[in-house]
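Have a look at the structure below before the remarks.
Values in this text are rule-based calculations from the coordinates and carry no lab data. Quantities reported herein were computed from a predicted structural model and do not represent experimental measurements. A quick note on method: Cβ atoms are made from the backbone with ideal geometry, for glycine too, and the neighbour counts reach across all protein chains shown.
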Amino acid sequence: MAISKPLFLIAIVLLFLAPFNSSFSSSHNDILSDLTNLRSQSPTGVIHLTDQLLRQILTVKTPRPFSFLIFFDAKQLHSKPELSLPTLKAEFTLLSSSFYTNNPESSKIFFFTIEFGESQASFALFGVNSLPHLRLVLPNAVDVKKDSIQMEGSDLGRLADSMAEFVEAKGKISVGPIHRPPMISKKQMTMIVLAGLILSPFLVKKILSGGTLLHDKYVWMAGSIFVYFFSVSGAMHNIIRKMPMFMMDREDPSKLVFFYQGSGMQLGAEGFAVGFLYTILGLLLAFMCHVLVRLKNRTVQRVFMLFALFISFWAVKKVIQLDNWKTGYGIHAYWPSSWN
């Protein structure tokens, strides 16, 4: 999504003409000490980057003793769900905290976030005019616009894990495993266990008497269909990664995109479409195996069988076409050589 405010060349000039803050030094050791101190003040290790701090870093003679990864942010765009800026920013802080958990004494890389509203000159210096945007600056980078490495938005599908792979591949820096917080805290788990212990006598009595929903076959059938749909639709992926159902077309904001071309990201609508097709296929197979075989009329059996096979073939074909379109890899049917 393009940033609404124009960035002019004067912003870059102001960035370098503004007076230096005497509290910073441009030597390798002093800048490392300053950045390490700022990092220690952040619980996640992410440093808030400003025009002044960036100017001070860039005055250090190359090669600098560190790399740095910048997450470009704009608070006025947080309300746009198709950009997922709050989610990406949270994943960026998770990347930073995981790196320093795995490498507590390392100063090979620093993680920065920069806000458009207060650092427009820095956005102009990097040539950033759309978000989301991540940029890795290596020690030898002189011209940060040309020498830095941008992470493509299509590569952010796995969020913090994708960012870690980007740093390791482009910066040659080992990040280590991503430490995600548990979905259920220890306090919540304790409360669940206590509630289970208190209610266990009543639950046992209900189970032994056969008066629970678990004894209803229709509940099991509905649950099986739900689990099947949940599994084949990628719903867990959408929940964990907080993927939107759809996004706005960046070229035409008046249009909505339900299917994203590229294997790096999957929208929720894509998963539900594939899950719906696979669920139709599964229900038809169950119908043919458990219901259709009980019919005595052979003609009706054959008609329903042909109909079910036709719909199943159509559903699988649509899934394969979607996969070919997203990934660019073609899947072709195998025919025995004697058939050619």
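Tabulated data for the structure shown
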{"quantity": "Where N is the number of residues in segment 147-223, Cα Rg divided by 2.2 N^0.38 Å", "calculated": "2.07"}
{"quantity": "Whichever lysines have a C-alpha closer than 27 Å to that of LYS296, once near sequence neighbours (fewer than 8 apart) are set aside", "calculated": "LYS217"}
{"quantity": "In segment 91-179, the trypsin sites (Lys or Arg not before Pro) that fall in loop regions by DSSP, at most 13 other Cβ within 10 Å", "calculated": "LYS172"}
{"quantity": "Candidate aspartates and glutamates for bridging to LYS317, where Cα separation is under 17 Å - those fewer than 8 sequence places away on the same chain excluded", "calculated": "GLU270"}
{"quantity": "Per DSSP, loop chymotrypsin sites (Phe, Trp or Tyr not before Pro) in segment 268-333 with at most 16 further Cβ within 10 Å", "calculated": "TYR329"}
{"quantity": "Interchain or long-range residues, amide H under 5 Å from TYR260's placed H", "calculated": "LEU267"}
{"quantity": "22 Å Cα-Cα threshold exceeded, pairs from LYS146/LYS326; LYS108/LYS172; LYS75/LYS146", "calculated": "LYS146/LYS326; LYS75/LYS146"}
{"quantity": "Long-range HN-HN contacts of PHE110 with modeled amide H, under 5 Å", "calculated": "SER67, PHE68, LEU69"}
{"quantity": "Hz values of 3J(HN,Hα) by residue in segment 135-152 - Karplus curve (6.51, -1.76, 1.60), Gly and Pro given as x", "calculated": "9, 9, 10, 8, x, 8, 5, 9, 8, 5, 6, 8, 8, 7, 10, 8, 8, 5"}
{"quantity": "Segment LYS217-HIS179, length gained on full extension (0.36 nm per residue, minus Cα span)", "calculated": "9.6 nm"}
